[in-house]
1. Would it be correct to say that Lys257 is without any contact (Cβ under 8 Å) to a residue 40 or more places away in the chain and not acidic (Asp, Glu)?
2. Kindly provide the set of residues from segment 177-202 that are within 25 Å of Gly239 (Cβ to Cβ) and either surrounded by 17 or more Cβ atoms within 10 Å (Cβ to Cβ) or in contact with a strand residue (DSSP E or B) (Cβ under 7 Å, 6 or more places away or on another chain) (or both), ordered by number.
3. Among residues belonging to segment 169-190 that are in contact (Cβ under 8 Å) with a residue 40 or more places away in the chain and not β-branched (Val, Ile, Thr), point out the one that is farthest from Glu240 (Cα to Cα).
4. Take the residues in segment 255-295 that are among the acidic types (Asp, Glu), modelled with pLDDT of 95 or more and over 21 Å from Ala238 (Cα atoms); name whichever of them is surrounded by the most Cβ atoms within 10 Å (Cβ to Cβ).
5. Any idea which residue in segment 152-176 is farthest from Val250 (Cα to Cα), counting only those that are at pLDDT 95 or above and either surrounded by fewer than 20 Cβ atoms within 10 Å (Cβ to Cβ) or among the small types (Gly, Ala, Ser) (or both)?
6. Going through Ile119, Ile59 one at a time, which residue ends up being hydrophobic (A, V, I, L, M, F, W, C), under 20 Å from the mean Cα position of the chain (by Cα) and assigned to a helix (DSSP H, G or I)?
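The values are calculated or read from the model by the stated rules, or taken from the named source; none is laboratory data. Being a predicted model, the structure only gives us computed values, none of them experimental. No Cβ is skipped: glycine too gets one built from the backbone with ideal geometry, and neighbour counts run over all protein chains shown.
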Amino acid sequence: MATNGDLKCHRCAVCDGYGCPGMLPGLGGVFEGKNFQLNYEGWRELLEEAVENGAGEEISNISVSPSTLRCGPVTGAVENIGYTNESDFYLPYLQNAVQEGLGLCVGDGCPDEKLKLGIAAVKQLGQKAAFFLKPYPQEKLFERVEWIRPYASHIGIDIDSYNIVTMRNLVNLERKTSAQLQEFREHTKLPFVIKGVFTPEDLKLVSLVRPDVVYISNHGGRVETRIGSTARFLAENAGELKKYCKEIWVDGGIRTKQDIQTALYYGADQVILARPLIRATFDDHYTETVKELLQ
């Protein structure tokens, strides 16, 4: 086990959100963990429905490879994970993903050091990553784009994080309009992702902006949004969303190969995991965790 801090996680046998209600900062979720719990349960509910409709065998035959998966965009190593030093997290977390063949996502945070540490790790690894910026005012976003452009395969806006509890009152974040997102997309000139799609209003935004990728997420149950699961949102809206984007990515409560297969069956193109890979990095059992996911 790592000796670089105390993990802000109870290491529950099942990571379902019931063991860490309200642990923010930390790895818990808002609303006493309600959406964290619903995310986890949602994949099992969808699978049960598919089995009842005769699609169980089809789902079990869906191929899952490391290239289907990405590590989630994670920052806040000290306040949210428990590392002693912020700099201790980023390179091991991303290096582990590269070694296991997973795609990379890098997050943004406050202070700017967090984004810069992610950039430095991607640069050191000689890789490209999907970068997700917080919804700062446009001028600050354009500055950040220049930091990440050489290392980015995709650039996205984390649209729901204007409301994230752990950054509230620390920085000036804003709810982006379709015009602002279009302006940002034109500035990046790279595949564009709208992350945090989870509400009817977000569906309208996607239809107007038509990003390259729609990333369904409720921030792992860590933002104060409507009550619900990313699994159900995917199942109910993937068909509509595919009219406006090239790919759908999804995260939230994914813990098993069956969860991944269920997400792919219901329309996801990429599946993103965070909490299991955070813990696997901190406790140094990453290879075993990925192996379990793929078996």
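1. Judged against the criteria, Lys257 is not a match.
2. Across segment 177-202, the qualifying residues are Leu181, Arg185, Pro191, Phe192, Val193, Ile194, Lys195, Gly196, Val197, Phe198, Asp202.
3. Going through the qualifying residues, I end up with Leu170.
4. Selected residue: Asp283.
5. Looking at the filtered set, the residue picked out is Ala152.
6. Result: Ile119 is the single residue among Ile119, Ile59 that is hydrophobic (A, V, I, L, M, F, W, C), under 20 Å from the mean Cα position of the chain (by Cα) and assigned to a helix (DSSP H, G or I).
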